[in-house]
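The values are calculated or read from the model by the stated rules, or taken from the named source; none is laboratory data. Remember, predicted model here, so these are calculated numbers, not experimental data. Glycine gets a Cβ as well: all are built from the backbone with ideal geometry, and neighbour counts include every protein chain shown. To get the accessible areas, we keep the full protein, side chains included, count just its heavy atoms, and leave off ligands, DNA and RNA. Shrake-Rupley method; radii C 1.70, N 1.55, O 1.52, S 1.80 Å.
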Amino acid sequence: MTDDKTVRAGPPAGEEMYAEEILSTTLMLRDMFLSYKNEVRKERISLGTRLDRILLDILETYDGLAGYVRQYEGHNAEGYERVRTIYIDLQQKLERAGVTPLRVEDGELFDEARHEIVNLSTRPRDWEGRPSIARVTTPGYFLNNKVLRRAGVEVNWVPKGNPRAGSPGR
């Protein structure tokens with residue numbers, strides 16, 4: 001039995017080697033785990049990017065069907081009901097996947113995170129503020145509340161000195 005005044009010289013040589021081996025193994029396992037975690041993160045990003053591209057391709061087809069349905073609605077065209085059924089089915093599947101329309105109102109201020117200007121003409125020299133939406137040419141969509149595709153829009157440019165500069169309106 002040792003008393004409180006006795007000081008140990010240190011752990012036995014075998015105990016110190018064992019502790020170093022455990023520390024080395026623990027650090028190696030930590031590094032392997034961090035590497036695996038990083039690879040999983042990269043794979044998730046890659047899968048998300050591929051999913052986005054696939055959904056964008058599907059949305060092009062969906063938009064084509066939507067145009068057909070709008071064009072022939074009420075005209076009793078041959079095959080219309082079948083195309084309309086496919087369109088509604090695709091719409092429901094997109095919604096279940098988290099794809100929802102990006103709502104854009106005429107007169108709303110242009111927001112480059114949600115809108116893309118199409119057929120851009122030269123901006124007037126006396127323009128100030130942000131343009132407002134004149135017309136939506138291509139619908140935009142969210143995927144789980146994140147912009148998947150910006151809406152294609154035509155805009156109204158507001159000249160300097162106009163009291164409506166930078167405010168919504170036509």
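Remark: pairs (first residue in region 104-115, at positive phi; second residue of a type in the set (A, V, I, L, M) and surrounded by 13 or more Cβ atoms within 10 Å (Cβ to Cβ); Cβ separation under 9 Å; 6+ apart in sequence or on different chains) = 107/133; 107/134. Residue-level check: of (1) among the polar types (S, T, N, Q); (2) open to solvent by less than 40 Å² (accessible area, probe 1.4 Å); (3) at pLDDT 90 or above, residue 144 misses just (2). Only one of the listed residues (87, 36, 68, 62) is open to solvent by 80 Å² or more (accessible area, probe 1.4 Å), without any contact (Cβ under 8 Å) to a residue 60 or more places away in the chain, of a type in the set (Ser, Thr, Tyr) and in a helix (DSSP H, G or I). That residue is 36.
If you take the residues of region 62-84 that are of a type in the set (Ser, Thr, Tyr) and within 28 Å of the chain's Cα centre (by Cα), which of them is modelled with the highest pLDDT?
Looking at residues that are of a type in the set (Ser, Thr, Tyr) and within 28 Å of the chain's Cα centre (by Cα), I get 62.
Within region 108-141, the set of residues being at pLDDT 85 or above and not in a strand (DSSP E or B) comprises 108, 110, 111, 112, 113, 114, 118, 139. With respect to (1) open to solvent by 90 Å² or more (accessible area, probe 1.4 Å); (2) over 30 Å from residue 134 (Cα atoms); (3) not in a loop (DSSP other than H, G, I, E, B), the lone exception for residue 27 is condition (1).
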